[in-house]
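One structure is given below, encoded as structure tokens.
The values are calculated or read from the model by the stated rules, or taken from the named source; none is laboratory data. Everything numeric in this text was worked out from a predicted model, so none of it was measured. Please note: Cβ atoms are built from the backbone with ideal geometry, for glycine as well, and neighbour counts cover all protein chains shown. Surface areas here come from the heavy atoms of the whole protein model, side chains and all, with no ligands, DNA or RNA. Shrake-Rupley method; radii C 1.70, N 1.55, O 1.52, S 1.80 Å.
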Amino acid sequence: LEKTEQLAEQAPENKDVLQQLGRLYALTKQPAEAIDVYKQYVELYPADITKQFALIGLLIENRRTEEAQPYVTPLLKKHPKNGLLNQYQGLIDSTLGRFESAQRHLEKAIQSGQSGPAARLVAGFSAYQLQDFAAASQHLSMVASTLPDNHPGLRMLADSLLRQGE
């Protein structure tokens, strides 16, 4: 890491050095530094979509969703059916309180194979916020067994089921 940082000082726009430095920061659990390096890299090499996805993933994992939005929007316009991009947009929308948009994007993500626990949980949360209790219980029941006993998702699931008469 130290040697790569030295190389980055000598050649701050070197593609390989920036890639390596970003990876090393991510591996050594220094997400803020990794994000800074990936932002610099994406600014210098905007055609590298793989690194844009890496940057978006890091930003979302570190709850910096508003910073991820400017990277997601243009990619989603070019690739509107991409499951991962729709998942990212759904997560961003949910954190911003745009639950209809969140649910729409997360449904697209789930239909295209991005049906992991995060997508299901946030889709269920968004549906619950919209009082779509059938959709909320559908999504939340898919992840209920993986949630800890006191998780709010379980309370939303129980409330959704009760409101449907179950």
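Brief remarks on what is shown
- Scanning segment 123-166 for residues that are farther than 23 Å from Leu96 by Cβ, part of a loop (DSSP other than H, G, I, E, B) and among the polar types (S, T, N, Q) returns Asn150, Gln164.
- Complete set of residues in segment 123-149 that are among the β-branched types (Val, Ile, Thr) and either touching an Asp or Glu at 6+ places or on another chain (Cβ under 6 Å) or open to solvent by 60 Å² or more (accessible area, probe 1.4 Å) (or both): Thr146
- Residues in segment 38-54 that are under 20 Å from Asn82 (Cα atoms) and not aliphatic (A, V, I, L, M): Pro46, Asp48, Thr50, Lys51, Gln52, Phe53.
- For Glu166, the conditions (1) farther than 22 Å from Ile60 by Cα; (2) surrounded by 13 or more Cβ atoms within 10 Å (Cβ to Cβ) are fulfilled apart from (2).
- Just one of (1) touching a residue at least 24 places away in the same chain (Cβ under 8 Å); (2) in contact with a helix residue (DSSP H, G or I) (Cβ under 8 Å, 6 or more places away or on another chain); (3) more than 30 Å from Ala135 (Cβ to Cβ); (4) in a helix (DSSP H, G or I) fails for Ala32. It is (2).
- Here Arg63 fulfils each of the conditions (1) at pLDDT below 95; (2) basic (Lys, Arg); (3) in contact with a helix residue (DSSP H, G or I) (Cβ under 9 Å, 6 or more places away or on another chain); (4) within 30 Å of Asn14 (Cβ to Cβ) apart from (4).
Let's see how each residue does on (1) within 16 Å of the chain's Cα centre (by Cα); (2) open to solvent by less than 50 Å² (accessible area, probe 1.4 Å); (3) closer than 26 Å to Leu96 by Cβ:
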| position | (1), (2), (3) |
| --- | --- |
| Thr4 | no, yes, no |
| Glu9 | no, no, no |
| Leu18 | no, yes, no |
| Lys39 | no, no, yes |
| Glu43 | no, no, yes |
| Pro46 | no, no, yes |
| Leu55 | yes, yes, yes |
| Val72 | yes, yes, yes |
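- Checked against the criterion of being open to solvent by 60 Å² or more (accessible area, probe 1.4 Å), more than 25 Å from Val42 (Cβ to Cβ) and assigned to a helix (DSSP H, G or I), the candidates Arg104, Arg120 yield just one match: Arg104.
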